Every structure is written in C-alpha cells, then in structure tokens.
2 protein chains.
Amino acid sequence: MRRVTLEEVARVAGVSRATASRVVNGASTVDEALRHAVERAISSTGYLPNIAARSLVTRRADAIGLLLPDERRMLGDPHLASVVSGVTGVVRPLGVHLVLMMTGPGTREQALSDLRCGRLDGVILVHTYPSDPVPRQLIAEGLPVVLAGRPLDPMPITYVDVDQTAGAALAGRRLKSLRCGKIATITGPQDTPAGQDRLTGFMAEVPDAVVVHGDFTRQSGAAAMEQLLRCCPDVDGVFIASDLMANGAIPVLHRGGRKVPDDVAVVGFDDSTAALTSEPELTTVRQPISDMAAEMARQLLRQITKPRSPVTSVVFEPSLVVRESG
Amino acid sequence: MRRVTLEEVARVAGVSRATASRVVNGASTVDEALRHAVERAISSTGYLPNIAARSLVTRRADAIGLLLPDERRMLGDPHLASVVSGVTGVVRPLGVHLVLMMTGPGTREQALSDLRCGRLDGVILVHTYPSDPVPRQLIAEGLPVVLAGRPLDPMPITYVDVDQTAGAALAGRRLKSLRCGKIATITGPQDTPAGQDRLTGFMAEVPDAVVVHGDFTRQSGAAAMEQLLRCCPDVDGVFIASDLMANGAIPVLHRGGRKVPDDVAVVGFDDSTAALTSEPELTTVRQPISDMAAEMARQLLRQITKPRSPVTSVVFEPSLVVRESG
DNA sequence: GAAGGGCGTGAGAGCGCTCTCCCAATCCTG
DNA sequence: CAGGATTGGGAGAGCGCTCTCACGCCCTTC
C-alpha cells in the first residue's frame, strides 16, 4: 500500500504542487475554484501530509517534551495526570505532540539533545531539583523552556507557579478562624521554593506556630506528626504542607487518641487526590494544576513561535477548599 | 547559530557523506582509521543527526503513542505512572519517543491519522471500552498496536494482561484460609473483561459468596459496601475487585462499627497506591504493571520492526501481597 | 490606450539524510 | 601470476514537503 503524496493530490486536482501545499496549509491567496478542486482531491485520495518532510523544511518538530523528575517520586505524584491533561488540552488541537520523559540516568541529557537536534521544539520542566544544571543550559542556548514552579535560584526563565506564600497564609487564617490555640505546621523540604514559601507564608500569619520538618512524602508526614505529638501534645491545629504528608499524619493523630477535626484541626496543601482518600477528607489549599499546566503550554508555544521573547512568568492564586478535617 | 550537518562532518573527517552516515549508524564495514576520523569530527563539530531528515527516508518516526481513556477516569488511575515508566524504560534507550494522548473528542481519530501519516510507528491502547471501533480499524490497516488488557470481544490483536481469574482465586483462597465464614465480593463493571474475570475467578473458589456490584470507582465501592452491610450484616470477609473501591469501602465498614481485619477481612486487587493510603493498609492482589507495560513496549516494537508478525499475547501471573487488612 | 500595480500560480531549489549502485583496491586461490 | 571473489568507499538519486521567485493576468488610473 503506497502512501499518497502532495504531488499526486496536485495531479488529481490539476494544479501545481505549490498550490496544493497552499491549500493544505490554509493560505488565503488561493482561488475558490482551485481550493475546492484540491480539497476534493485530498479527500478522494485520502491524502495525509508527511510530517517528517514538512518538519525537515519548516524546522519544527511540532512536539514538546514534559520532563518529569525521577520515577520514584513521580509514581506517587497525583498531580501528574492533571498536568498532562492540562498540557495536552492546549497542545493537541494545534497538532503538537506531548512527549513524556522521565529523569533516569542520562535522560535529562537525552531531552537536551532532542531539543538541540530539533526533535523537540521545547520542554516543560517539572520539579527541577536545586542546582539542576539543565535549566541554565537551556536558557544559555536559547531553547524554549518553561518551568513548573519557581526555581530556587533566580534566573531569567519563564515559570508558572501558584502563590505558595498566599496559599499558606490562607491555611493559617483558617486555623485561626477555627479558634485553634496551639497551632503547628509540618513543613516541606526547605531546599525547595514550595517548601520554603509555604513555611514563610504560614509563619507570617501564625508567628508563634510550632515548626516540624517533613519532606512532602507520606512517611515523613507520619514521622513529623509523631514528633509533634511528643514535643507538643496540646496542639489543636496543624497546617501540613502537602496532602500526601497529611495522609500519613492523620492516622498517627488517630492512634494518638485525637479526633480530627474535633481535637486537632488539619489543613493540607495541594488538593490532590490524597485529600479525598484521607479520613476525614482534607481541608486543603487548592492549586489549579490543570489551568497552570495549560498556561505552561501556552507560554512554551509562545516561546517557540517567537524565540527569545521576554521572560513572563505567571503566578496563580490559590484557594481554600473546606472539607471535614479543619 | 547554524546546525551542523552530516556533510560538514564528512568534510572535516575527509570522507564522503556516505561513510559518515555509516559511522553514525554503526555499520560494521568501515575502516578503523576512517571511523575514528569521523568520530573525532562528530565530537569536534558537535554534530547531531536531524531526525526529520532521517525519518523522511527511513519512514520511521521513532515515536509510539500511549492512548489513554477519557481524562476523568484516568485522573484517578494510580496505574498510569507505572505504565508510563515501564514503557519509557524499554523505549527510551532505543531513542524512541513516547507520546501521550488522551481520549477527548476526536482524539482517537487523531491517533489514527498520526499512525497513518507516519508520525507514530505504533500505539499502546489502554482500557478500550466495549465496542470501541479503534482496535479493529488498526488491525484492519495492519498498523502496529498492543492492547493493555484482553479485549472484551476476541480479536486477532496482541495484548498484555494479568491472569485476572487466577488473581481473584488467590483472594478467595486467602479469605478462606483466614477462616472467614460469610464471604462476599464487590465486583467491577461486568462489561469489562477484568470485571468479569475477577468475579468468575473468585466464585470458582468461593461459590457461595454474596455478590454486590461496583464499577471500580471509589464511590461505587462505598455504595456497594453500604448495600452489603444492609443485606448481609454478618459478613466477615470481602474481596473487593479494585483497591480504589476498597479505599471507598473501608471507611463505610468503620462507620458501621466493624474493625478491619478483626471483624471483617478485606482483600483488594491491583496493588495500586490506593492500597497504601487505606487504613489499615490493604492486602491485595498485585499486578506487575510496570513489567507488563515493558512487555507491551517490547511487543509493539517487535510489530514495528516486523510488520504483520503473528499475534502473541502475554499473560502475567498475579501474586498476593499480604498487609494488614486481611 | 498605455503604463503601473496587485494578485494568483507554477517552476524549481533545496531541507539533511539514507541507501543503492558502482568502482577501485585488496585478497585469495589454483 | 592471472583470474575471480570480496571488501570498503564515493557518487548521486531520491524521500515529500515548503517557500522563494518570477511570470502572467487583470484591474486600475491618467
């Protein structure tokens, strides 16, 4: 079975290859009659443009990469699906492919060379770790890139994030409005912007809060809560900097004989699926992940279309989702 | 900044483009001295092959698609990440891209035309719904495709699945060995092969089990458990056909005053992350999702390399993971 | 009625690569 | 040492598309 080429469509329509190409690409300078002839020829032959050939001359791959952190952390990340659907929602209608890449040995390098050899038009980088060299390399080479989340060190790069500080403040205000007297927080890792901002935002609202550190994992949430109950048994309100940690912490509270929210109110962060699998369901700070992902896609597309366009990061407003836990 | 071409590498190395190409593609018939010259030229110029040009002549896109079901169901699917990592693990080292596609309006058609126009070499289809026309279209056109999970209607298509029946039997045997007297099951949707097989496999082992239907969602698990407690309050062992449903069902059990596993033993299916977020943690039937995904990738790659090769489906053995719930 | 300006069309030159010839050089064999 | 076999390298023809450029044609405009 042979593939139909533009040449063939042109022959059937009785026009030149150039005109057929114009119709395929929606140029406006084609006579109505000829346009119809070409369109008929396209549908009668079942023509589909060969992307490789087009790509060769336009120097666009019409594909972008989504570079995810190492597998272990990602496997538990309930955000992933929302990110993917937000990005594809923007990108698919434009015929742009979304290529998924996980950080493994050498994979970040892979993505870089895919970008350099024109196989990918740009990448969205999720969760770069501190001191990750990739973002800097990308901006140095002028390659289109958008970061999910503000980078730890300031650099001239487009990112999309939620206002973490404001979100944590929301949580603080909620606990205060619940008339909690002894308030604590379980933090995220302090070498990440999100971890830092959620702490500072919360402390600004509740300056005398007890601070226990976690690292965003479920296990660390459980461990931190054990520590908290030991050092501060009269706590009656906790802001836990991720739903996943809250998910690990709440059973510890139960085992410690506390009822949630009656004895201890709990507010999480993320509004991930973990918020719904908790018992009771989590009051949490919502990040509009899907919208943010869509915005990342739009920003990336803009950079691809207009290279070296100015850096314009976007910060979304978080909101409080009140459920049962606090 | 200009891109380096093969032509340039050849000039620097003092050979023809053909020889340079041979070195790049690892042909064995190149003299050691020349090979080294070319390799030096490649690294000194920073040459990277242009994929579009290569693709144009080899007629391979070196990209495969992962076609996922509609977003709503997928968002809650904890398997996704394992599937992705299993597939990329096989496919990336070979330089093959994984393109993620979600079923939206017209997206399945998109995937088909991507396949037809050579933009994708093959697809992995996850969760086709009953009477989905896409699998048949694909096999009719001889396009490489692998199904995740046995199709409902038998058709000559390669699929990878776990032995659902055997897995459910494992669950049944576990509950019997726990000396449960009154055993029940909450099923998956009976219009899916997994839903059917998990029921029949379980019933073969526990013929007198009480049957309540669910549809694999958390909500349906909760609803089914309420129904079960009403119609059969003395139940002391339940096989729930998905961890997600078990996740919804266990709180209902608690609210009904039953302790898990003391009063009611619970066994789930999937060994998804939902099994770990349950309280207590779920005893469940494990499907080696990541291995299965890797196998799907291998099968697909084989089909791409050797078109029209015979259909060879692979069925994996499930295993029982004993945790706290039963 | 001639000159000027659009506008739509076709010819053709690539884009960067692979791969099929074909030729030259080397090797073996009798 | 001649003949054939074998091997490595080069020339060049595409792969299917886009896009520039130049050429008609028709519609103005004085």
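Here, each number is a calculation from the coordinates, and none is a lab measurement. Since the structure is predicted, the reported quantities are computational estimates derived from the model, not experimental observations. Heads up, the Cβs are rebuilt from the backbone with ideal geometry, glycines too, and the neighbour counts pull from every protein chain shown.
Under 30 Å between C-alpha atoms is the cut-off here; go through the protein assembly as shown and count lysine pairs that meet it, provided they're at least eight residues apart or on different chains.
5
What ³J(HN,Hα) values, in whole Hz, does the Karplus curve 6.51 cos²θ - 1.76 cosθ + 1.60 give for segment A:122-134 when θ = phi - 60°, with x put for Gly and Pro?
3J(HN,Hα) across segment A:122-134, in whole Hz: x, 9, 9, 9, 9, 6, 6, 7, x, 6, 5, x, 4.
How high is the relative contact order of chain B? Use alpha-carbon pairs under 8 Å, at least six apart in sequence, and give a whole percent.
Once normalised by length, the contact order is 17 percent.
Using a 7 Å offset from Cα along the direction of the beta-carbon, what are the separations from B:Asn25 to the same position in each other copy, nm, ascending?
Label-point distances to the other copies, shortest first: 2.8 nm.
Express as a percent, rounded to the nearest 5, the fraction of DSSP beta bridges in the protein assembly as shown (both residues included) that run antiparallel.
If I count the DSSP bridges inside the protein assembly as shown, around 10 percent turn out antiparallel.
Return the sequence-ordered ³J(HN,Hα) values of segment B:292-299 in whole Hz as given by the Karplus equation 6.51 cos²θ - 1.76 cosθ + 1.60 applied to θ = phi - 60°, using x for Gly and Pro.
Once θ is set to phi - 60°, the couplings for segment B:292-299 become 5, 4, 4, 5, 4, 4, 5, 4 Hz.
Counting Lys and Arg as +1 and Asp and Glu as -1, what is the net charge of the other residues whose Cβ lies under 15 Å from the Cβ of B:Leu229?
+1
What does the charge dipole of segment A:182-326 about its Cα centre add up to, to the nearest 20 debye, if the Cβ of each Lys and Arg holds +1 and the Cβ of each Asp and Glu holds -1?
Dipole magnitude for segment A:182-326 comes out near 500 debye.
What residue among B:Gln137, B:Gln164, B:Gln287 shows peak mean-square fluctuation when chain B is described by a Gaussian network model with Cα springs under 10 Å?
Result for chain B, Cα springs under 10 Å: B:Gln137 fluctuates most.
So how strong a dipole does the protein assembly as shown carry about its Cα centre when Lys and Arg Cβ are +1 and Asp and Glu Cβ are -1, to the nearest 20 debye?
For this selection, approximately 2100 debye.
How big is segment A:136-227 on each of its three principal axes, counting only the C-alpha atoms and giving the largest first in Å?
The Cα atoms of segment A:136-227 stretch 53, 27, 17 Å along the principal axes, largest first.
In whole Hz and in residue order, list the ³J(HN,Hα) couplings for segment B:230-241 that follow from phi through the Karplus curve 6.51 cos²θ - 1.76 cosθ + 1.60, θ = phi - 60°; x for Gly and Pro.
In residue order, the calculated couplings are 5, 7, 8, x, 8, 4, 10, x, 10, 9, 10, 6 Hz.
With contacts defined as alpha carbon pairs under 8 Å and 6 or more residues apart, what's the relative contact order of segment B:164-286 in percent?
Computed value for segment B:164-286: 26 percent relative contact order.
According to the square roots a ≥ b ≥ c of the eigenvalues of the Cα gyration tensor, what is the shape class of segment A:164-286, taking rounded for a/c under 1.5, prolate for a/b larger than b/c otherwise, and oblate for the remainder?
rounded
What base-10 log of the normalised intensity I(q)/I(0) is obtained for the protein assembly as shown from the Debye formula, alpha carbons as equal point scatterers, at q = 0.07, 0.09 Å⁻¹?
Those come out to -0.54, -0.86, one per q.
What does the charge add up to near B:Arg54, with Lys and Arg as +1, Asp and Glu as -1, over the other residues with Cβ less than 11 Å from its Cβ?
+2
Positive end of the charge dipole of the protein assembly as shown (Lys, Arg +1 and Asp, Glu -1 on Cβ, about the Cα centre): tell me which of B:Pro310, B:Ala223, B:Ser43 has its Cα farthest that way.
Selected residue: B:Ser43.
Taking other Cβ within 10 Å of each residue's Cβ, how do B:Leu100, A:Leu170, A:Leu178 sort, fewest first?
Taking fewest neighbouring Cβ atoms as first place, the list is A:Leu178, B:Leu100, A:Leu170.
If I take all pairs of Cα atoms in chain B, what percentage of them are more than 30 Å from each other?
Everything past 30 Å amounts to 47 percent.
Subtract the Cα-Cα distance of B:Ser28 and B:Arg308 from 0.36 nm times their separation in residues, and report this length gain in nm to one decimal.
97.9 nm
Would you please give the residues with an amide H less than 5 Å from that of A:Leu320, counting only those at least 5 places away or on a separate chain, with H modeled from the backbone geometry?
A:Arg286
Which value in deg cm²/dmol, rounded to the nearest 500, describes the helix-derived mean residue ellipticity at 222 nm for the protein assembly as shown, given -39,500 (n - 2.57) per DSSP H run of n ≥ 4 and division by the residue count?
For the protein assembly as shown, the value works out to -13500 deg cm²/dmol.
Under 13 Å from the Cβ of B:Pro135, count the other residues' Cβ atoms, weight Lys and Arg +1, Asp and Glu -1, and hand me the total.
Every neighbour counted, the sum reads 0.
Can you give the Kirkwood hydrodynamic radius for segment B:6-49, in Å, rounded to one decimal and based on Cα pairs?
9.8 Å
Rounded, prolate or oblate, given the Cα gyration tensor of segment B:1-144, with a/c below 1.5 counting as rounded?
Cα axes put segment B:1-144 in the prolate bin.
Treating only the Cβ of Lys, Arg, Asp and Glu as charged (+1, +1, -1, -1), what charge dipole size does chain B show about its Cα centre? Round to the nearest 20 debye.
1140 debye
Once amide H atoms are placed 1.01 Å from N in the peptide plane, what residues at a sequence separation of 5 or more from B:Val266, or on another chain, have their amide H within under 5 Å of its amide H?
B:Val238, B:Gly326
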